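Comments concern the structure below.
The values are calculated or read from the model by the stated rules, or taken from the named source; none is laboratory data. These numbers come from a predicted model, not from an experiment. Cβ sites come from the backbone with ideal geometry, for glycine too, and all protein chains shown count toward neighbours. Remember, those area values only see protein heavy atoms, side chains included, never the ligands or the DNA or RNA. Shrake-Rupley method; radii C 1.70, N 1.55, O 1.52, S 1.80 Å.
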Amino acid sequence: MKASRGRIGQYKILMTEENLCIYMLETKLFSKESLYEFLEKNKAIIIKPVFGPGEIFVFSENGEFIIKSNTNLTTVTSIEDIYQHLIVNELIQKYYVIQPTKINVEFYQSNFHYTVTVHRISASNDWYCIFKKKKSLSTLGKYLYKYLLRKIESLSILAAKKLGEYFPECNTIVIEIVYDLKGGLWIEDSILHFPISKWSQYHTLTTNNSLVPYIPKTDLLTKVTFCEFLKKYRQVIIKPCTGQNGKGIVQISSNHFNTYEIHSGGRKFTKSTLEETYRFIEEHFLSKEYYIVQQKLSLAAINDCPMDIRVITQKVGSVWFVTGKIVKVAGNGFFITNAAQKLLLFGDAIKESNISHLNRGSLEDKIDGICLTAASQLEVNNPEIAIIGFDIGITHQGDIWIIEGNYTPDLAMFNKLKDKNIYRNIVRTKNEYQTTPNSFVIE
């Protein structure tokens, strides 16, 4: 079944399920006509791109209209002015959708907004919910709260089942639900996370209990999860769900003087409040991509520059092998190794690092075992894949962490080593034994 992955396509699919229709927020393509229609029927509306994140609110207040986005807050007096402002200043993508909002904009993503991740191990397995509560719901009675949780779970699973029929390669779906104090409940959005998504990968890996100790704590990035992680770990990493080559990765640190440092690439910014910090992130990063947030790992280093290990795993027939390993050392002033100042063989890197006291043979064997287990696990919901490049971190204490797996790993770095045998072995294995992996390009 061919279906569009955009918001309109998903809305049409969900509307074919009789038990979901009454819970769906009316959704139409944005146009001048649909804007006028929705504002005549609703006090507040929300506009989103057909693909990707970004929200623009329009609501009436004291006889005027307020237009609120991540970057702007504008007041106009007529619907015609709304349309002109949106076209000129806000709408940068080709297509957008328009929806009513059932709750006051001030409460959006607070007590009345739930984001639920629904996951299945593979297309032949059942879906299950992973709840992410936004804030404590002190305004709701205990029994109403329990009722809403049960209802949210059943609706989320039903929506995932319906979407899963059309997108069998998708095993992680985020369902966004809004509700009110009267028990009214609506599905506002659904976001497909295909195997290339780090959020889907996280849940696939953590399904295997033996891998859980090696995976950093991770969540979808929202204002609530951002605050929770920063409070707990004091340093966090945010990264786009589908990013590559270190693009868009940011480190945020909570300093002792109640200030916050944002480290992006080689640049650093200081903000005086948590609210200001999140607003900066929202404006510069969240308007373009869906993000995850992770605990910051204290990586082993060479001359105070953090390092990690790229491990290439390849499938020959039905068996996974480790075919190459290289250590990347971050450049001065960088916290990630994509801007590597040095590439080293594993043994040489350990000798030069601040973990030279660890047994190199035991460490390497353990890393290989973890990567082979992880490769087999990721293959479950991505059977076409034949090569995975894992970024592996080692802490000062010798703890091993899977930072992420890459389905289209850069092999050119191996060709930069003096010893070309590793590179030749990887390329030979790729050419002789493997099929082309499914890259899951989003349509």
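Would you mind getting the accessible area per residue of the chain, heavy atoms of the protein chains only, 1.4 Å probe, in Å²?
Counting only protein heavy atoms, the per-residue value for the chain is 47 Å².
Given 4 °C and 1.567 mPa s, compute D for the stretch 19-117 with the Stokes-Einstein relation, Rh being the Kirkwood radius over Cα pairs; round to the nearest whole µm²/s.
92 µm²/s
Is there a quick way to get the dipole size of the chain? I mean about its Cα centre, with the Cβ of Lys and Arg at +1 and of Asp and Glu at -1; what is the value in debye to the nearest 20?
Working: 52 positive and 45 negative charges, 163 e Å.
So the magnitude is around 780 debye.
Using the Kirkwood radius over C-alpha pairs as Rh, can you work out the diffusion coefficient of the stretch 271-337 via Stokes-Einstein at 25 °C, viscosity 0.890 mPa s, in µm² per second?
Estimated via Stokes-Einstein, D reaches 158 µm²/s.
How would you order 172-181, 403-412 from highest to lowest mean count of nearby Cβ atoms within 10 Å? Don't skip to the end; give the middle numbers.
Values: 172-181: 20.7, 403-412: 17.9.
Highest to lowest by the protection proxy: 172-181, 403-412.
Let me test this: with uniform point scatterers at the alpha carbons of the chain, what is the Debye-based log₁₀ I(q)/I(0) at q = 0.08, 0.11, 0.13, 0.14 1/Å?
Listed by q, the Debye log ratios stand at -0.52, -0.94, -1.23, -1.37.
At 222 nm, what value in deg cm²/dmol follows for the chain if DSSP H runs of at least 4 each add -39500 (n - 2.57) and the sum is divided by all its residues, to the nearest 500? Working shown, then result.
Details: 10 runs with 120 residues, N = 443.
That comes out to -8500 deg cm²/dmol.
Quick check for me: using +1 on Lys/Arg Cβ and -1 on Asp/Glu Cβ, what's the dipole size of the stretch 218-322 about its Cα centre, in debye to the nearest 20?
Here the size comes out at about 160 debye.
In terms of Cα to Cα distance under 16 Å, which aspartates and glutamates are near enough to Lys161, apart from those fewer than 8 places away along the same chain?
Straight-distance partners of Lys161: Glu17, Glu18, Asp126, Glu153, Glu169, Glu176, Asp189.
Is there a pair in Lys231/Lys416; Lys102/Lys268; Lys12/Lys247; Lys48/Lys223; Lys32/Lys146 whose C-alpha atoms are over 30 Å apart, and which pairs would that be?
Lys231/Lys416; Lys102/Lys268; Lys12/Lys247; Lys32/Lys146
So how much slack lies between Thr75 and Lys351, counting 0.36 nm per residue of separation and subtracting their Cα-Cα distance, in nm? Can you show the working numbers first?
Working: separation 276, 0.36 × 276 = 99.36 nm, distance 6.22 nm.
The span from Thr75 to Lys351 would gain 93.1 nm if fully extended.
Spin-label point model (7 Å from Cα, Cβ direction): what's the Glu228 to Val380 distance in nm?
For the pair Glu228/Val380, the computed spacing is 2.3 nm.
Order His396, His119 by their accessible area, 1.4 angstrom probe, all chains in place, largest first.
On the way: His396 75, His119 0 Å².
Accessible-area ranking of His396, His119, largest first: His396, His119.
Taking only the alpha-carbon positions of the stretch 202-310 and ignoring solvent, what does the Debye formula give for the base-10 log of I(q)/I(0) at q = 0.12, 0.15, 0.16 Å⁻¹?
One equal scatterer on each Cα of the stretch 202-310 leads to -0.44, -0.68, -0.78.
Based on the mean of other beta carbon atoms within 10 Å per residue, what is the order of 371-383, 75-87, most packed first?
Those peptides, ordered most packed to least, come out 371-383, 75-87.
If R₀ is 45 angstrom, what is the calculated FRET efficiency for the pair Ala412 and Gln93, using the beta carbon separation as r and rounding to 0.05?
For Ala412 and Gln93, the calculated efficiency is 0.85.
Name the most mobile residue of Glu276, Glu55, Glu432, meaning the one with the largest mean-square fluctuation, in a Gaussian network model of the chain with Cα contacts below 10 Å.
Glu432
With r as the distance between the Cβ atoms of Asn255 and Ser31 and R0 = 60 Å, compute the FRET efficiency 1/(1 + (r/R0)^6) and round to 0.05.
The computed FRET efficiency comes out at 0.80.
How far apart, in nm, are the 7 Å Cα→Cβ label points at Glu275 and Glu40?
3.9 nm
Once you have a ≥ b ≥ c as the square roots of the Cα gyration tensor eigenvalues for the stretch 349-441, tell me rounded if a/c is under 1.5, and otherwise prolate or oblate according to whether a/b is larger than b/c.
oblate
Can you give the extra length, in nm with one decimal, that the chain gains between Ile130 and Ile8 once fully stretched, where that is 0.36 nm per residue apart less the Cα-Cα distance?
41.4 nm
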